[in-house]
Amino acid sequence: DKRTTEEIREQVFISAAFSLAQLEDPQAVNYLIDIASDSKMYGSGVLELAASYLEKFRDEKSIELLMKIARSSNRKVRRVSIRVLASHREPKAFDIFITALNDRDVDIVEEAITALSKLGDFRATPYLIDVLEKTKNEGIRAKVVFALGRIGGREVLPVLIKAAKDYSSGTRCK
């Protein structure tokens with residue numbers, strides 16, 4: 001084994017933190033935060049795992065960290081963070097979800113649509129309608145239609161009727 005003592009200590013630390021998280025021990029939060037806060041020391045795979053383990057915890061520190069790393073330059077870390085925030089139905093992440101609607105990564109856009117759907121916040125309606133009107137991506141269009149239906153409100157009725165009539169959008173049930 002050619003790893004240094006420091007590398008082995010780091011691996012033990014990461015393994016212990018992830019194991020504590022799997023056991024849903026609240027002490028894991030601080031360790032996961034330490035890992036996820038140091039993007040220079042740990043690779044994106046480790047950060048992605050740390051973010052996904054934070055799904056088990058709903059404390060303020062976890063939410064704040066997830067909101068921070070949801071702005072990561074790493075698309076996988078962004079995607080997982082947005083997914084976890086969505087699973088928490090975190091209203092403080094509304095602006096992060098809205099910003100993610102414009103991401104170049106389709107998976108992140110889809111996660112953001114799902115997140116807004118889960119939040120059920122009427123403020124998302126004009127942003128979702130904008131995505132529906134601008135995108136040609138059938139998967140995104142279908143997710144937006146579902147999200148608008150879930151959020152509801154009178155202003156979505158004409159949009160949903162138009163989507164139902166639009167055979168080429170892939171959003172119409174046959």
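Things worth noting here:
- Any pair with Cβ under 6 angstrom, 6 or more apart, that starts in segment 78-99 at a residue that is acidic (Asp, Glu) and ends at one that is open to solvent by less than 10 Å² (accessible area, probe 1.4 Å): Glu90/Ile63
- Helices (runs of 4 or more DSSP H) fully within segment 23-75 counting 2 or more residues that are out of contact with any Gly (no Cβ under 7 Å at 6 or more places or on another chain) and of a type in the set (Ser, Thr, Tyr): 28-37, 44-53
- Of the criteria (1) out of contact with any Phe, Trp or Tyr (no Cβ under 7 Å at 6 or more places or on another chain); (2) surrounded by fewer than 20 Cβ atoms within 10 Å (Cβ to Cβ), which one Ile98 fails: (1)
- Residue count for segment 59-95 satisfying the condition of being of a type in the set (Ser, Thr, Tyr) and either open to solvent by 60 Å² or more (accessible area, probe 1.4 Å) or within 22 Å of Thr135 (Cβ to Cβ) (or both): 1.
- Scanning segment 121-159 for residues that are surrounded by fewer than 20 Cβ atoms within 10 Å (Cβ to Cβ), among the basic types (Lys, Arg) and closer than 25 Å to Lys92 by Cβ returns Arg123, Arg150.
The values are calculated or read from the model by the stated rules, or taken from the named source; none is laboratory data. What you see is a predicted model; the values in this text were computed from it and never measured. Positions of Cβ are generated from backbone atoms using ideal geometry, with glycine treated the same way; all protein chains shown enter the neighbour counts. In case anyone asks, the SASA skips ligands and DNA or RNA and just uses the protein heavy atoms, side chains included. Shrake-Rupley method; radii C 1.70, N 1.55, O 1.52, S 1.80 Å.
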